[in-house]
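All remarks here apply to the structure that follows.
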Amino acid sequence: MDQKKFYITTPIYYPSDKLHIGHTYCTVATDAMARYKRLQGYNVKFLTGTDEHGQKIELKAKEAGVTPQQFVDNIVEGPKGVKDLWKLMNISYDRFIRTTDDYHVAAIQKIFKKMYEKGDIYKGTYKGKYCTPCESFWTESQLVNGCCPDCGRPVVDAEEEAYFFRLSKYADRVRDLLVNTDFLLPRSRVNEMVHNFIDPGLEDLCVSRTSFKWGIPVDFDPKHVVYVWIDALFNYTTALGFMNDKYPDSDYETFWPADVHFIGKEIVRFHSIIWPAMLMSMDMPLPKHVYGHGWLLLDGGKMSKSKGNVVDPYLLAERYSADALRYFLLRDFPFGSDGNFSNELLINRINMDLANDLGNLLSRTTAMADKYFGGTLPTDQAEGPEDAALLEKVGGLRARYEADMEAYAFQNALADVFEVIDNANKYIDATAPWVLAKNEDTKPRLARVLYNLAETLRVCTVLLQPFMPDTCEKIFAQLGVDDSLKTWDSAAAVGSMPANATLHKGENIFPRIDTAKELVELEALEAAQKAAAQAANAPAEEPKAEAAAASAELIGDHEAEISFDDFCKVELRVAEVRACERMKESKKLLHLTVFDGERERCILSGIAKWFAPEDLIGKKIGIVANLAPRPMMKGKYVSEGMIFAADTDVDGGCSIAFFPDSTPAGARIH
């Protein structure tokens, strides 16, 4: 029987600066999925890499006084660069692609020429809007408040000779793909793509530039360089040997189409509309799934290298271990939704789950085995009434875990495992091994209790391997299990450990952290990092000072003018009210649960005097979607946005703008 195949990719990251925790989040999730499939016995190909061309890199290199190639080489291959970070985070990629690799460059030129010869690429003149940071072209109708709909920054007028891809030719086929298949996940992303980009009219795409040189030349028209998204998207196939001699054709034949591309939600448009259209043009199979995960937010806003509001994964991984950081990233944040990152959340999760629950269970089990039996359990063992409930939980764990992993619900898979770990700790309290140890007659019962604990730990550790590979090896060593008991099949065979197992008391795998002291130290370290970065790039201070002055002006006068750039930062969306209730703690507030096209969020609004919950449930309203989350009611609730409401009279009346039912949740408000 042929071995099952699985091909998974991260996006290829843009090396305009060091990568941050958001990039790490996506890559750790991809690594966990790859390791899970290997555990199941699949032949896995896991690809990651860097997207190294474009005007932004050219400008950054010029500012640094180096060539573009030298600039990206330093970010990718240099100290604490991309490859160093993935090594630190124990990322088990099988292949790393750089779009400056010769084989990729040659393949892209062939792909561009093939689509040109087919008539799907043609020469014309581009006149429109261009976002330099995103390297994206937009039509006037796609802009949000005159700004780039992806990053919110101002766009510039651009006019130049260019080649275009006939994206409009494939609009109907792409729409059918999105609407009638599970190609794009989670499904909440589909409406946004269809209603915001396809239904308004999918226009042909500019796919070359002449205004900069740092890109792949069009070989039959060298003054043009290939637009970054053709260059970047086809990496998933060129890294398998498609149209190049670097890798054998069998790699492409074996692994394409990809099982899933993991990407951030900001590039869903490129992967779910442009990418399948280009593959259709090339008569190539489409990937099975594209999964657009959420963002890690910092103080309610998206982390961004250009904004400077990033978290350094190097600092955290070196301080707490890569496994602790890997666990936290995939345990705290549902993969399809946004999540708010904080150092306090990280430390609390390490203390609660890894130190208190997992570490404590391992320490107690091995210590009692050592104390009462010299480490080796006797084969004379006696069952008891407390065993059945625990063993039933352990016996069904793999199936529950598998269902969650197949749905990319990493947080649920980990919750499944740690529920069993919690049950095991409670099992210790219920069986009281220290009492059983006092009487020779109850030693067989004590032996069975410790065996059940060791076996529970073994099964849980098998399933934790994709998330915390190094830690799991340390646990296996303390449990004394061989490789045959670390397998996927063994996780479904409770009772596989030999009855006379020998346990080894070892080091504490996750020491408890003093939260208050640690937060102070982290704040100092992060402040020092920011100061060093600012000293290295002094001009970056000026925009920050301007922003601070603008903020002060707004606080002083509610009618003060703001800049157009500031206004572009406000993200306005249509949301559907899915639930609404009055609050016991306040007569003024209503508690609304709204769906913004991507996720449900809580909004507390002071409109209870004028609206009953039944007036709002099922209605479409406008919200400010990127307002920083605000703790309310002494921190009991967190409000994640603001609804549109207007004062209607001198007595403080209130009116809400409702949108027609046909308006999709998540639609941008212009």
- GLU383 closer than 30 Å to SER92 by Cα and of a type in the set (Asp, Glu): no
The lone condition VAL650 fails out of (1) over 30 Å from PHE335 (Cβ atoms); (2) among the β-branched types (Val, Ile, Thr); (3) at pLDDT 85 or above is (3)
The residue that is most open to solvent (accessible area, probe 1.4 Å), considering only those in region 235-263 that are of a type outside the set (S, T, N, Q) and assigned to a helix (DSSP H, G or I), is GLU253
Condition set assigned to a strand (DSSP E or B), under 22 Å from GLY294 (Cα atoms) and charged (D, E, K, R), scope region 598-647, selection modelled with the highest pLDDT: answer is ARG601
Of the residues that make up region 41-61, is at least one of a type in the set (S, T, N, Q), under 17 Å from TYR314 (Cα atoms), open to solvent by less than 50 Å² (accessible area, probe 1.4 Å) and in contact (Cβ under 8 Å) with a residue 12 or more places away in the chain? no
Note on region 475-489: residues more than 28 Å from the chain's Cα centre (by Cα) and assigned to a helix (DSSP H, G or I) are PHE476, ALA477, GLN478, LEU479, ASP483, SER484, LEU485, ASP489
For region 219-251 the number of residues that are touching a helix residue (DSSP H, G or I) at 6+ places or on another chain (Cβ under 6 Å) and free of Cβ contacts under 8 Å to residues at least 24 places away in the same chain is 1
Checked region 429-481 for anything of a type in the set (D, E, K, R) and under 30 Å from ILE91 (Cβ atoms); matches are ARG458, ASP470, GLU473, LYS474
Screening LEU503, LEU479 for residues that are in contact with a Lys or Arg (Cβ under 6 Å, 6 or more places away or on another chain) and closer than 18 Å to GLY375 by Cα leaves only LEU479
Of the residues in region 466-482, those that are open to solvent by 40 Å² or more (accessible area, probe 1.4 Å) and more than 23 Å from THR379 (Cβ to Cβ) come to ASP470, GLU473, LYS474
Does region 219-242 contain at least one residue that is over 18 Å from GLU135 (Cβ atoms), of a type in the set (Gly, Ala, Ser) and modelled with pLDDT of 90 or more? yes
Restricting region 69-96 to residues that are open to solvent by 50 Å² or more (accessible area, probe 1.4 Å) and either outside any helix (DSSP H, G or I) or in contact with a strand residue (DSSP E or B) (Cβ under 6 Å, 6 or more places away or on another chain) (or both), the one farthest from TYR320 (Cα to Cα) turns out to be ASP94
Look at VAL174 and say whether it is open to solvent by 20 Å² or more (accessible area, probe 1.4 Å), out of contact with any strand residue (DSSP E or B) (no Cβ under 7 Å at 6 or more places or on another chain) and not in a loop (DSSP other than H, G, I, E, B).
-> no
Note: among THR132, THR99, just one is β-branched (Val, Ile, Thr), within 28 Å of ILE21 (Cα to Cα) and in contact with a Lys or Arg (Cβ under 7 Å, 6 or more places away or on another chain), namely THR132
Within region 487-520, restricting to residues that are under 20 Å from LEU390 (Cα atoms) and free of Cβ contacts under 8 Å to residues at least 40 places away in the same chain, the one that is least open to solvent (accessible area, probe 1.4 Å) is SER490
It is to be established whether one or more residues within region 14-35 are of a type in the set (Lys, Arg) and part of a helix (DSSP H, G or I).
yes
> Quick check, is VAL66 assigned to a loop (DSSP other than H, G, I, E, B) and farther than 18 Å from MET468 by Cα?
Replying inline: yes
When every residue in region 429-474 that is polar (S, T, N, Q) and part of a helix (DSSP H, G or I) is compared, the one farthest from MET33 (Cα to Cα) is THR442
Of the residues in region 310-337 that are of a type in the set (Ser, Thr, Tyr) and farther than 15 Å from TRP86 by Cα, the one that is surrounded by the fewest Cβ atoms within 10 Å (Cβ to Cβ) is SER337
Residue count, region 592-615, condition in contact (Cβ under 8 Å) with a residue 40 or more places away in the chain, surrounded by fewer than 21 Cβ atoms within 10 Å (Cβ to Cβ) and either more than 18 Å from SER188 (Cα to Cα) or of a type in the set (A, V, I, L, M) (or both), comes to 4
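The values are calculated or read from the model by the stated rules, or taken from the named source; none is laboratory data. Because the structure is a prediction, the values reported are computed rather than measured. FYI the Cβ positions are ideal-geometry reconstructions off the backbone, even for glycines, and counts take in every protein chain you see. SASA here: full protein model, heavy atoms, side chains in, ligands and nucleic acids out. Shrake-Rupley method; radii C 1.70, N 1.55, O 1.52, S 1.80 Å.
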